[in-house]
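> Dropping a structure here in structure tokens format, bear with me for questions.
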Amino acid sequence: MMSVRRPQSKRKIFRERLYTNISLGLECEVIVREHKTPFGQKLALYLHTVLGHVLVLDGNIQWMEKDEAIYHETMAHWPMNAVAAPRRVLVVGGGDLGVARELVKYPTLEQVDVVDIDPEVREVTLKYVPHIAGNAPTDPRVRKFDVDAVHFVAEAAGGEYDVVILDTTDEVNVATPLFGDTFQREVYRVLTEGGLMVRVAGSVFLQEGEVRKTLALARRLFGEGSVGLLTLPTMMYLGCFFGIVAAVKKGKFSATPVRPIDSVQLQPLRWYDERWHSVVAERSAYVQEKFFS
Ligand code: SAM
């Protein structure tokens, strides 16, 4: 699926500096040069010979073609198999439609609302790396809203969604309010009872503070026993493992799926299955000691 290098194109060394005194350097081809979109983010698309296309917003990697399935499959299938009968899902961010691509594999799902502030993320993805979005762009259940999620969620009805997936950028620029107490309260409000939220938290090694903060935010509202931390290895986030906070509204967090996972129906899958569901949700001794004791 990865494109071959185009001759005579511009090359550069892109450096991601998300972590303290550590940076990741990628020698790559520039597909879309870094520029400010009309929606206030700096966007770039690169092509790396090993990692494939790499989408960057505000200097931070959003996904790499090589390992995007680890992240997108877990963000979509984990909550879908942790909730009894999910019918309506809200994706905050996720404009590339990578998470929506996985969600539309469930015939029982009635509605997937994708709320991303920046339509250029979708446009660039669909133009250069369309397989990231799969069938999502033409699936009638997927509704795309090019607006700030802060306003969208504030206006949504209480108990509207069975699953809320916060597939957002890190806590910078336009995403900053999504990491605050007010927004977290609104997410809690729009969830059904027994509904579940997942949200990016950060590298458990390199962003310990961010992971702790995101867990604390969820614990205050959902309660201790309702909150868990999924940890998955990714190349995209330097310093694996990467943490995703999962929280159930008025229910207990469990590492076991609520029903047997129909892996045949969900094909093509590259990472997710029944074992993966439990493995990422079980606490390692490290996670237990750092974040739960
Ligand atoms: N996996 C990625 C990561 O954590 O690095 C996230 C990918 S997804 C591309 C992140 C999306 O969040 C971007 O498309 C960005 O436009 C969107 N976003 C940031 N702030 C937002 C806001 N306030 N409302 C809606 N979408 C937002």
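> Using the Cα atoms of the stretch 12-79, I'd like the radius of gyration and the largest Cα-Cα distance, Dmax, both in angstrom.
For the stretch 12-79, the Cα radius of gyration and maximum Cα-Cα distance read 12.9, 38 Å.
> For TYR128 and SER293, what is the calculated FRET efficiency with R₀ set at 41 Å and r taken between the beta-carbons, to the nearest 0.05?
Given R0 = 41 Å and the Cβ-Cβ separation, E is 0.35.
> Given 10 Å bins starting at zero, what is the percent of C-alpha pairs of the stretch 199-243 in each, up to the one with the largest pair distance?
In order of increasing distance, the bins hold 32, 50, 18, 1 percent.
> How much length is gained if the chain between SER254 and TYR19 is pulled fully straight, taking 0.36 nm per residue apart and subtracting their Cα-Cα distance, in nm to one decimal? Before the final figure, lay out the partial values.
Numbers: separation 235, 0.36 × 235 = 84.60 nm, distance 3.09 nm.
Stretched out fully, the SER254 to TYR19 stretch lengthens by 81.5 nm.
> Once R0 is set to 41 Å, what does the formula 1/(1 + (r/R0)^6) return for the Cβ-Cβ distance between GLU282 and LYS36, expressed as a FRET efficiency to the nearest 0.05?
Details: r = 42 Å, r/R0 = 1.03.
Between GLU282 and LYS36 the formula returns 0.45.
> Could you please rank ASP116, ASP181, ASP139, placing first whichever residue has the fewest other Cβ atoms within 10 Å of its Cβ? Kindly include the intermediate steps, with their values, before the conclusion.
Numbers: ASP116 25, ASP181 10, ASP139 18.
The order, fewest Cβ neighbours first, is ASP181, ASP139, ASP116.
> Nearest 500 deg cm²/dmol is fine: what mean residue ellipticity at 222 nm does the chain get from its DSSP H runs of n ≥ 4 alone, each adding -39,500 (n - 2.57), divided by its residue count? The partial results should precede the final answer.
On the way: 8 runs with 76 residues, N = 293.
It comes out at -7500 deg cm²/dmol, rounded to the nearest 500.
> So, in Å, what gap is there between the alpha-carbon centers of the stretch 254-290 and the stretch 59-101?
The two parts, judged by their Cα centres, are 14 Å apart.
> If the only charges are +1 at each Lys and Arg Cβ and -1 at each Asp and Glu Cβ, what is the size of the charge dipole of the stretch 8-56 around the Cα centre, to the nearest 20 debye? List each step's numbers first, then the result.
Working: 8 positive and 4 negative charges, 39 e Å.
Charge dipole of the stretch 8-56: 180 debye, to the nearest 20.
> Between the stretch 142-169 and the stretch 10-36, how many Å separate their Cα centres?
The stretch 142-169 and the stretch 10-36 have Cα centres spaced 30 Å from each other.
> Rounded to the nearest 5, what is the percent of antiparallel bridges among the DSSP beta bridges in the chain?
Bridges in the chain are about 65 percent antiparallel.
> Within the stretch 7-47, list the residues whose amide N lies under 17 Å from a label point set 7 Å along Cα→Cβ of ARG270.
Those under the cut-off are 46-47.
> Another question, then. May I ask you to compute the full-extension gain from SER263 to THR108, defined as 0.36 nm times their residue separation minus their alpha-carbon distance, rounded to one decimal in nm? Present the calculation step by step, with values, prior to reporting the outcome.
Values: separation 155, 0.36 × 155 = 55.80 nm, distance 1.50 nm.
Net length gain for the segment: 54.3 nm.
> Sticking with this one: What translational diffusion coefficient, in µm²/s and rounded to a whole number, does the Stokes-Einstein relation yield for the stretch 246-293 at 4 °C and a viscosity of 1.567 mPa s, taking the hydrodynamic radius as the Kirkwood radius over Cα pairs? Present the calculation step by step, with values, prior to reporting the outcome.
On the way: Rh = 12.6 Å.
The Stokes-Einstein estimate is 102 µm²/s.
> Additional query: Report the normalised scattering of the stretch 132-278 as log10 I(q)/I(0) at q = 0.14, 0.15, 0.18, 0.20 Å⁻¹, calculated by the Debye formula with identical scatterers on the alpha carbons.
Debye intensities relative to I(0), on a log10 scale: -0.78, -0.91, -1.31, -1.51.
> Going through the DSSP H helices of the chain, which span 27 Å or more along their own axis at the Cα atoms while scoring at least -1.0 as a mean Kyte-Doolittle hydropathy?
Working: long enough: none.
Result, helices passing both filters: zero.
> Tell me the net charge near ASP181. Cut-off is 14 Å between Cβ atoms, ASP181 excluded, with +1 for each Lys or Arg and -1 for each Asp or Glu. Can you show the working numbers first?
Numbers: positive: ARG185, ARG189, ARG199, LYS213, ARG219, ARG220; negative: GLU171, GLU186.
Its environment carries a net charge of +4.
> Mind grabbing the base-10 log of I(q)/I(0) for the stretch 88-146 at q = 0.19, 0.22, 0.28 Å⁻¹? Debye formula, identical points on the C-alpha positions, no solvent, two decimal places.
Evaluating at q = 0.19, 0.22, 0.28 Å⁻¹ gives log10 I(q)/I(0) of -0.56, -0.76, -1.19.
> What is the Cα radius of gyration of the chain over 2.2 N^0.38 Å, N being its residue count? Numbers along the way, then the final one.
Numbers: Rg = 18.0 Å, N = 293, 2.2 N^0.38 = 19.0 Å.
So the chain has a normalised radius of gyration of 0.95.
Coordinate-derived values only; no laboratory data. Keep in mind that what you see is a predicted model, and the values were worked out from it rather than measured. All Cβ positions, even for glycine, are placed from backbone atoms using ideal geometry, and neighbour counts span all protein chains on display.
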